[in-house]
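Below you'll find the structure, written out as C-alpha coordinates, and then a few comments.
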Amino acid sequence: MSHAHDSALYAQWVELLGWLEAEAAARGLGFEKVADFPDYIYRMERPYDLPTTVMSVSLTAAGQPLLVAAVSPRHVDLKGVSLRLMGGSKHWHLHAGDSTLLEGKRPFTRARLAALLDGAVRGVRQSA
(Lines give C-alpha, C1' and ligand atoms only; values in the text may rest on other atoms or scores of the structure.)
Protein backbone atom coordinates (compact mmCIF):
# COMPACT_ATOMS: atom_id res chain seq x y z
CA MET A 1 0.00 0.00 0.00
CA SER A 2 1.41 3.40 -0.87
CA HIS A 3 2.42 5.97 1.69
CA ALA A 4 -0.06 8.46 0.16
CA HIS A 5 -2.88 5.96 0.75
CA ASP A 6 -1.71 5.52 4.34
CA SER A 7 -1.79 9.30 4.84
CA ALA A 8 -5.39 9.39 3.60
CA LEU A 9 -6.40 6.60 5.98
CA TYR A 10 -4.94 8.33 9.03
CA ALA A 11 -6.42 11.72 8.06
CA GLN A 12 -9.82 10.05 7.61
CA TRP A 13 -9.36 8.29 10.97
CA VAL A 14 -8.89 11.69 12.64
CA GLU A 15 -12.13 12.87 11.04
CA LEU A 16 -13.91 9.73 12.30
CA LEU A 17 -12.55 10.34 15.81
CA GLY A 18 -14.16 13.78 15.73
CA TRP A 19 -17.47 12.29 14.59
CA LEU A 20 -17.34 9.63 17.30
CA GLU A 21 -16.67 12.17 20.03
CA ALA A 22 -19.47 14.49 18.84
CA GLU A 23 -22.00 11.69 18.35
CA ALA A 24 -21.16 10.22 21.76
CA ALA A 25 -21.69 13.60 23.42
CA ALA A 26 -25.03 14.02 21.62
CA ARG A 27 -26.23 10.68 23.06
CA GLY A 28 -24.79 11.00 26.55
CA LEU A 29 -22.19 8.31 25.88
CA GLY A 30 -18.64 8.29 27.18
CA PHE A 31 -15.72 8.71 24.76
CA GLU A 32 -12.47 7.16 25.98
CA LYS A 33 -9.08 6.57 24.44
CA VAL A 34 -8.17 2.88 24.65
CA ALA A 35 -4.69 2.82 23.12
CA ASP A 36 -2.00 4.86 21.42
CA PHE A 37 -0.02 3.66 18.41
CA PRO A 38 2.83 1.32 19.46
CA ASP A 39 5.38 3.28 17.42
CA TYR A 40 4.29 6.48 19.22
CA ILE A 41 4.80 4.87 22.61
CA TYR A 42 8.33 3.66 21.71
CA ARG A 43 9.46 6.57 19.54
CA MET A 44 11.79 7.97 22.22
CA GLU A 45 12.87 11.46 21.11
CA ARG A 46 12.00 11.12 17.42
CA PRO A 47 9.25 13.36 16.05
CA TYR A 48 5.86 11.73 15.46
CA ASP A 49 4.42 12.31 12.00
CA LEU A 50 0.88 10.90 12.12
CA PRO A 51 -1.98 13.38 12.69
CA THR A 52 -2.90 11.67 15.98
CA THR A 53 -1.40 9.35 18.56
CA VAL A 54 -4.76 7.63 19.21
CA MET A 55 -5.09 4.14 17.73
CA SER A 56 -8.34 3.03 19.40
CA VAL A 57 -11.28 4.51 21.29
CA SER A 58 -14.34 3.22 23.08
CA LEU A 59 -17.82 4.68 23.35
CA THR A 60 -19.36 3.69 26.65
CA ALA A 61 -22.88 3.50 28.07
CA ALA A 62 -23.20 3.44 31.86
CA GLY A 63 -19.46 2.77 32.13
CA GLN A 64 -19.58 -0.29 29.87
CA PRO A 65 -18.06 -0.37 26.37
CA LEU A 66 -20.70 -0.08 23.66
CA LEU A 67 -18.57 0.38 20.55
CA VAL A 68 -14.83 0.13 19.97
CA ALA A 69 -13.19 1.83 17.00
CA ALA A 70 -9.59 1.17 15.97
CA VAL A 71 -7.26 1.89 13.08
CA SER A 72 -4.42 -0.34 11.92
CA PRO A 73 -0.91 0.54 13.04
CA ARG A 74 1.61 1.60 10.40
CA HIS A 75 3.43 -1.73 10.20
CA VAL A 76 0.31 -3.57 8.89
CA ASP A 77 0.16 -4.14 5.12
CA LEU A 78 -3.61 -4.00 4.57
CA LYS A 79 -4.67 -1.10 6.76
CA GLY A 80 -8.19 -0.18 7.72
CA VAL A 81 -10.54 0.97 10.45
CA SER A 82 -12.70 -1.42 12.45
CA LEU A 83 -15.88 -0.63 14.35
CA ARG A 84 -17.16 -3.30 16.73
CA LEU A 85 -20.30 -3.38 18.84
CA MET A 86 -19.65 -5.06 22.16
CA GLY A 87 -21.79 -8.00 23.22
CA GLY A 88 -22.64 -9.09 19.71
CA SER A 89 -21.25 -10.01 16.33
CA LYS A 90 -21.80 -6.68 14.54
CA HIS A 91 -18.66 -5.15 13.11
CA TRP A 92 -17.66 -2.95 10.20
CA HIS A 93 -14.42 -2.77 8.23
CA LEU A 94 -13.64 0.57 6.63
CA HIS A 95 -10.87 1.47 4.21
CA ALA A 96 -9.43 4.72 2.90
CA GLY A 97 -11.12 6.25 -0.11
CA ASP A 98 -10.13 9.30 -2.11
CA SER A 99 -11.79 11.70 0.33
CA THR A 100 -13.55 9.61 2.99
CA LEU A 101 -13.59 6.20 4.60
CA LEU A 102 -15.36 3.53 2.58
CA GLU A 103 -17.61 0.71 3.73
CA GLY A 104 -17.01 -1.57 0.76
CA LYS A 105 -17.58 0.84 -2.13
CA ARG A 106 -20.03 3.04 -0.22
CA PRO A 107 -18.77 6.17 1.55
CA PHE A 108 -19.01 5.86 5.33
CA THR A 109 -20.72 9.06 6.38
CA ARG A 110 -21.43 10.73 9.69
CA ALA A 111 -25.13 9.99 9.05
CA ARG A 112 -24.29 6.28 8.72
CA LEU A 113 -22.34 6.41 11.99
CA ALA A 114 -25.27 8.17 13.68
CA ALA A 115 -27.67 5.47 12.48
CA LEU A 116 -25.38 2.71 13.81
CA LEU A 117 -25.09 4.42 17.18
CA ASP A 118 -28.84 5.07 17.39
CA GLY A 119 -29.45 1.35 16.85
CA ALA A 120 -26.85 0.40 19.45
CA VAL A 121 -28.25 2.80 22.05
CA ARG A 122 -31.79 1.58 21.34
CA GLY A 123 -30.61 -1.99 21.87
CA VAL A 124 -28.98 -1.12 25.20
CA ARG A 125 -32.11 0.65 26.43
CA GLN A 126 -34.35 -2.25 25.42
CA SER A 127 -32.18 -4.81 27.21
CA ALA A 128 -32.03 -2.75 30.42
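The values are calculated or read from the model by the stated rules, or taken from the named source; none is laboratory data. Treat the numbers as computed from the prediction; the structure is a model and nothing was measured. FYI the Cβ positions are ideal-geometry reconstructions off the backbone, even for glycines, and counts take in every protein chain you see. These accessible areas exclude ligands, DNA and RNA; they are computed on the full protein's heavy atoms, side chains included. Shrake-Rupley method; radii C 1.70, N 1.55, O 1.52, S 1.80 Å.
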Name the residue, out of 81, 71, 57, that is touching a strand residue (DSSP E or B) at 6+ places or on another chain (Cβ under 8 Å), open to solvent by less than 40 Å² (accessible area, probe 1.4 Å), more than 16 Å from residue 8 (Cα to Cα) and of a type in the set (Val, Ile, Thr). 57
Taking the criterion of being at pLDDT 90 or above and basic (Lys, Arg), would at least one residue in the stretch 59-74 satisfy it? no
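Condition check: basic (Lys, Arg), in contact with a helix residue (DSSP H, G or I) (Cβ under 8 Å, 6 or more places away or on another chain) and within 24 Å of residue 117 (Cβ to Cβ). Does residue 74 satisfy that?
Values: basic (Lys, Arg): yes; in contact with a helix residue (DSSP H, G or I) (Cβ under 8 Å, 6 or more places away or on another chain): yes; within 24 Å of residue 117 (Cβ to Cβ): no.
For residue 74, the condition - basic (Lys, Arg), in contact with a helix residue (DSSP H, G or I) (Cβ under 8 Å, 6 or more places away or on another chain) and within 24 Å of residue 117 (Cβ to Cβ) - is not met.
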Can you name the condition, by its number, that residue 87 falls short on among (1) without any contact (Cβ under 8 Å) to a residue 60 or more places away in the chain; (2) more than 13 Å from the chain's Cα centre (by Cα); (3) closer than 28 Å to residue 48 by Cβ? (3)
For the stretch 6-49, which positions are out of contact with any Lys or Arg (no Cβ under 8 Å at 6 or more places or on another chain), within 23 Å of residue 102 (Cβ to Cβ) and not aliphatic (A, V, I, L, M)? 7, 10, 12, 13, 15, 18, 21
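Tell me, which residue of the stretch 95-128 that is of a type in the set (A, V, I, L, M) and free of Cβ contacts under 8 Å to residues at least 60 places away in the same chain is most open to solvent (accessible area, probe 1.4 Å)? Break it down into steps so the answer makes sense when it comes.
Let us first name the residues in the stretch 95-128 that are of a type in the set (A, V, I, L, M), namely 96, 101-102, 111, 113-117, 120-121, 124, 128.
Restricting the remaining residues to those that are free of Cβ contacts under 8 Å to residues at least 60 places away in the same chain gives 102, 111, 115-116, 120, 128.
Working: 102: 44, 111: 73, 115: 55, 116: 26, 120: 12, 128: 113 Å².
Ranking the candidates gives 128 first.
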Here the residues within the stretch 24-54 that are open to solvent by 20 Å² or more (accessible area, probe 1.4 Å), closer than 20 Å to residue 110 by Cα, modelled with pLDDT of 90 or more and not basic (Lys, Arg) are 25, 26, 28, 29, 30, 31, 32, 54
